[in-house]
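The values are calculated or read from the model by the stated rules, or taken from the named source; none is laboratory data. None of these values were measured; they are calculated from a predicted model. Using ideal geometry, Cβ is built from the backbone for each residue, glycine included, and neighbour counts are taken over all protein chains shown.
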């Protein structure tokens, strides 16, 4: 507990205000005070606190301890428990233990669990705009996405989107840049996508439909078996770190980039608003602060491990690293424009979210080209 609390305290000193959401109600000083106080609490004997502890269930969309989002979910649960000195105990249930991986939203909305760790891209059937809060094709990079949510009005729109379900969302994990996917056969040109059965949820799936592919929705726990048995011909998931753990290289050897369909990998903590409101204010702040910390911590973790895992896949597992043919990229860009236009036609709030996201991209793009792109070109 000491180590966890100290590590989180150090993280917040480093990252400061930029990674605390809802800054109108949660100040940096308050969050740091909570964390510092929590770090000191284990030295005290507090039987009264133990008697008044609150138990929450967290359901997830991931196999237990899956590198990437599964590890993030467990760490988030552990950190909230530790920082609250067990006044708020989070018990994690992996996909299938209480509800299926794609049943987490309903579980929180219906009171089966107070909290879930999942990803917005799964909820397009409920809220057409939800996948944007994970990623949009050819959209915002991980840091650009965090910037939009925290500083460009994204969080307020996200709150409004989930309001009818009584759910409060937080960014609470990021798997970084995504890979394009695993294919059993190489792609020579756009025609090779025709009739291809691929697991690709979210807006990327809508784009591939326009290119003639047949996207199939599958929860993470069913992807490998479906790929190995031929239910699907290809799949995308996350990056090399998580993909290696899922074993996709044992069923398909062609690994494509770039992940134009998901240039970012934001996961979410979704929390029952009534359960959150029932907590004392300091525990509410601990939950929010722990989500913000995990979001940036997991991004760095994923980037580091993606690099190591990609090297291992290519050098030791016989994986053939490929780039999408240019005609597929060009066609996907055109299809993305149409997909986003169609998405905006769903309802007024969806149109606002699409507009906000696209305006954020326009606002950030000139700076990203001068800073990130120019530097990487110079670095070689």
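Of the candidates 219, 201, 215, the single residue that is under 22 Å from residue 341 (Cα atoms) and at pLDDT below 95 is 201. Based on what the data block shows, is residue 281 closer than 30 Å to residue 55 by Cβ, under 21 Å from the mean Cα position of the chain (by Cα) and surrounded by fewer than 18 Cβ atoms within 10 Å (Cβ to Cβ)? No; evaluated as a whole, the condition is false for this residue. Mind listing just one residue for me: the one in the stretch 197-214 that is crowded, with 19+ Cβ neighbours inside 10 Å and out of contact with any helix residue (DSSP H, G or I) (no Cβ under 8 Å at 6 or more places or on another chain) and, of those, nearest to residue 136 (Cα to Cα)? So, considering only residues that are crowded, with 19+ Cβ neighbours inside 10 Å and out of contact with any helix residue (DSSP H, G or I) (no Cβ under 8 Å at 6 or more places or on another chain), the one nearest to residue 136 (Cα to Cα) is 204.
Among residues that are surrounded by fewer than 21 Cβ atoms within 10 Å (Cβ to Cβ), touching a strand residue (DSSP E or B) at 6+ places or on another chain (Cβ under 8 Å) and closer than 30 Å to residue 355 by Cβ, residue 166 is included.
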